[in-house]
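Here's the structure we're looking at; comments come further down.
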Amino acid sequence: METTDIGLWGVPLAMLGGAIRVSTPFIFVSLGEAITERSGRINLGLEGTLVFGAMSAYAVAVMTGSPWPGLLAAALAGLCFGLFHGWICKFPKVNDIAIGIALMLFGTGLAFFFGKPFIQPSAPDLPAIAFGAWSDIPQVQAALNVNVLFLIGAALAVFLWWAFRNTRIGLIVRVVGDSADAARAMGLNPNTVRLLATGVGGALAGIGGAYLSLYYPGSWTERISSGQGLMAVALVIFARWNPLGCFAAALLFGGAGALGPALQSVGVTQGYYLFYAAPYILTLIIMIATSSPSRTLAGAPGELSITK
Amino acid sequence: MTGKFMLSRRDLLKTTAAGAALGLASAAFPIRAARAAAATVGFIYVGPKDDYGYNQAHAEGAASLKGVEGISIVEEENVPETVDVQKTMESMINLDGASLIFPTSFGYFDPHMLAMCAKFPDVQFRHCGGMWNKDKHPMNAGSYFGYIGMGQYLNGVVAGHTTKSKKLGFVAAKPIPQVLLNINSFLLGARSVDPAITCQVIFTGEWSLAVKEAEATNALIDQGADVVTCHVDSPKVVVETAAGRGAFICGYHANQSPLAPEKYLTGAEWNWAKVYKMFVDDLIAGKPLPNFTRGGLADGFVKMSPLGPAVGEAARKQFDATLAEMMKGGFSVIKGPLKSNKGTVVATEGQAFVETAIELESMDYLVEGVVGSTA
């Protein structure tokens, strides 16, 4: 193996590479949740969907020998979880947050149960595109090995941002999320719209799970997510329900998460627990800096149970 | 609304009282009467049983007991190092009638296992690790561990011959004595080949954090490390990530060579089957169980993975010679003159700590040549 000494350049490079590698599950889960929340519902169960997606993707990839059926299986499993959440929540007096927590535990538990025989075998990985081929430094090449799902996630963020503003479907989702009464007056059925929005959100979270188990870190273990699905749901509020904001927040989280290992690798070894807290400290600072006592959260859908 | 609430609170009180009465009854008339005939042994793991790592090594040891006459096994996996493990131990004792329990994870010991030792003085507890101390802790507790640092020294010997960049990488979980000894042994093994070799360590802070372990492995390789080893619960992620980046790997806990057959050099593995068999034989014979059990390569507590295809002739020779030396006993990894990476003397000229030296179990330093910090 050829190596080049890159010294302190390793830190920004690792943060760039880390942002690209680590952020993808955050992107998909937070975009999915943004769609669901824009329609006026919260699905806290996406952590469970993420873990179940990771498991089903890995299992199907092991059995078929190809990552693509795995990806499809994860999306379908996520869709089912989302539709289930949407279906239960359409009944009167059902609390979507409580159902979300129940589905989170159900999803992780079910994934552990079915995932047992798949901890040991190795599955084929999703392909990556070598954007770093122009460089002759192996570290740069490694950092710029970009998985196709990251690119799809980035494109999806832009598309959703555009679609929410400029398409009929985007408008329908938004009006249902802002005022169910107005939607009914327009002849829309809020429950159907929310059912579909939660289903699509679940499918995206399932794809995020497939990235975890089929690309990075690229194996199925029961600790694979360690709360990333929950964090992604929080990112949506942090991003003010804006798909582009979700993408930026996910990148920020990924990059900040890579800071701890990267600093240790260049010899900054004191206080690494503090560096590991960097993503959360950063989130807190931004939340405080952008909050205001005189107005409610900008961009919050009016029908959301946390803002009602 | 209020009436409803009152009722449910009264119900709650009733249920609690009934539960307490039941608890008293079971304390007065223990359900575990027929224990002498068939003994039950409990195993508690912090992660899944088939993680290619720490828990798999223990579960393989437990599985080897399944054919033993008069012994039944109860296991629970994914038990966090919190009050949960106390509940698991209580249920193993009260419901399954376990008379010997192996809580295998480091963080189970204090305060969880100690609390159970006080509550159930008739049950024997043996903890994997180096925490038990006969002056401080009860006699129905004890510890067992293997001198796997020797295995990491042998890993280091092979790594020292294989590295071209003269930089090694170590992904570590937490800076506890056993981990520090492994890091130091790995580097000193490599330095027995070439004293210019250094080892970069990255602590992830947790026993199992897949994404952080992958990031740490990438960061080490970005900084030029070309042989990587680790001390985390499941080395699978580290092994696969390192192999994907083209680095060589020394394994840990169990044999990970199926994950990267070309890049896997060798590995330090546990052989718990041997240790658990010893305890169970004593239990069946009615002998008191030892409180302090240790062993190394020579005792069969620890073994090495077969050398991989990338291991050169010179490495193979030195590996075999060092292993033979260790099998004779009395081999010491930490021997003077030796300084820590902060410059303090940890062993003076002529001073040597053999593998059994109890001082090694309270190690709090990284030796010179390791880039990293314990805090």
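The table that follows gives values for the structure above.
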quantity	calculated
Percent of beta bridges antiparallel (DSSP, the protein assembly as shown, rounded to nearest 5)	20 percent
Reachable aspartates and glutamates, given that their alpha-carbon falls under 13 Å from the alpha-carbon of B:LYS328 and they are not under 8 places away in the same chain	B:ASP299, B:ASP320, B:GLU355
Nearest-20 debye value, region A:16-152 charge dipole, Cβ charges on Lys, Arg, Asp, Glu	360 debye
Calculated log₁₀ intensity ratio I(q)/I(0) where the Debye formula runs over C-alpha points of region A:115-187, q = 0.14, 0.24 Å⁻¹	-0.72, -1.03
Rotationally averaged projected area of region B:48-146 (alpha carbon convex hull; nm²)	6.4 nm²
Cα-derived Rg to Rh of chain A, Kirkwood definition	0.99
Packing-based order for A:17-24, B:68-75, using average beta carbon neighbours within 10 Å, highest first	A:17-24, B:68-75
Compactness relative to 2.2 N^0.38 Å, alpha carbon Rg of region B:308-355	1.50
Antiparallel bridge percentage (DSSP; both residues within chain B; nearest 5)	15 percent
Computed [θ] at 222 nm, deg cm²/dmol, chain B (DSSP H ≥ 4; -39,500 (n - 2.57); rounded to nearest 500)	-11500 deg cm²/dmol
Nearest-20 debye value, the protein assembly as shown charge dipole, Cβ charges on Lys, Arg, Asp, Glu	1680 debye
Shielding by other protein chains, A:211-224, mean Cβ within 10 Å	6
Using θ = phi - 60° and Karplus 6.51 cos²θ - 1.76 cosθ + 1.60, couplings along region B:186-201 (whole Hz; Gly, Pro as x)	4, 5, 5, x, 5, 6, 5, 8, 8, x, 8, 6, 10, 10, 8, 10
Hypothetical label at A:ALA300: residues of region A:194-237 whose amide nitrogen lies under 16 Å (7 Å Cα-Cβ projection)	A:234-237
Region A:124-273 - charge dipole about Cα centre, Lys and Arg +1 at Cβ, Asp and Glu -1, debye rounded to 20	500 debye
Likely footprinting exposure, A:ARG184, B:ARG316, B:ARG294, fewest C-beta neighbours within 10 Å first	A:ARG184, B:ARG316, B:ARG294
Label-point separation in nm, A:LYS93 to A:ASN189, each point 7 Å along Cα→Cβ	2.4 nm
For B:ALA98, distant residues with modelled amide H under 5 Å away	B:ILE93
R0 of 41 Å, Cβ-Cβ distance A:TRP9-A:ILE152: FRET efficiency to nearest 0.05	0.90
Note, ³J(HN,Hα) from phi for region A:137-143, Karplus 6.51, -1.76, 1.60, rounded to Hz, x at Gly and Pro	8, x, 5, 5, 4, 5, 5
As computed over region B:164-312, the Cα convex hull volume per residue (Å³)	126 Å³
Beta bridges by DSSP in region B:232-312, antiparallel share as percent, to the nearest 5	40 percent
Region B:95-156: trypsin sites (Lys or Arg not before Pro) in DSSP coil with no more than 12 other Cβ atoms inside 10 Å	B:LYS134, B:LYS136
Straight-distance crosslink candidates among aspartates and glutamates, where the alpha carbon sits under 14 Å from B:LYS66 and sequence neighbours closer than 8 are dropped	B:GLU75, B:ASP281
Whichever lysines have a C-alpha closer than 25 Å to that of B:LYS335, once near sequence neighbours (fewer than 8 apart) are set aside	B:LYS166, B:LYS167, B:LYS174, B:LYS303, B:LYS317
Compactness of region B:111-214 - radius of gyration and Dmax, Cα, Å	18.0, 56
Alpha-carbon centroids, region A:95-161 and region B:157-234: separation in whole Å	27 Å
Descending Cα extents along the principal axes, region A:84-235, whole Å	61, 40, 22
Placed amide H near B:PHE203: partners under 5 Å, 5+ positions off or other chain	B:ALA172
Vicinal HN-Hα couplings computed from phi for region A:258-268 (Karplus, 6.51 cos²θ - 1.76 cosθ + 1.60; Hz; Gly/Pro x)	7, 4, x, x, 5, 5, 5, 6, 9, x, 7
Descending principal axes extents, region B:181-224, alpha-carbon based, whole Å	33, 24, 10
Solution diffusion estimate, µm²/s, Stokes-Einstein, the protein assembly as shown, Kirkwood Rh from C-alpha pairs, 20 °C, viscosity 1.002 mPa s	79 µm²/s
Region B:281-375: mean projected area of Cα convex hull, nm²	9.7 nm²
Stokes-Einstein D for chain B, Kirkwood Rh over Cα pairs, 4 °C, 1.567 mPa s (µm²/s)	59 µm²/s
Amide H contacts of B:ASN341 (H built 1.01 Å from N, under 5 Å, at least 5 apart or other chain)	B:LEU366, B:VAL367, B:GLU368
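Every read-out reported here was derived from the displayed coordinates using simple, explicitly stated rules and does not represent laboratory data. Note that this is a predicted model, so its numbers are computed, not measured. Positions of Cβ are backbone-derived with ideal geometry, glycine not excepted, and every protein chain shown enters the neighbour counts.
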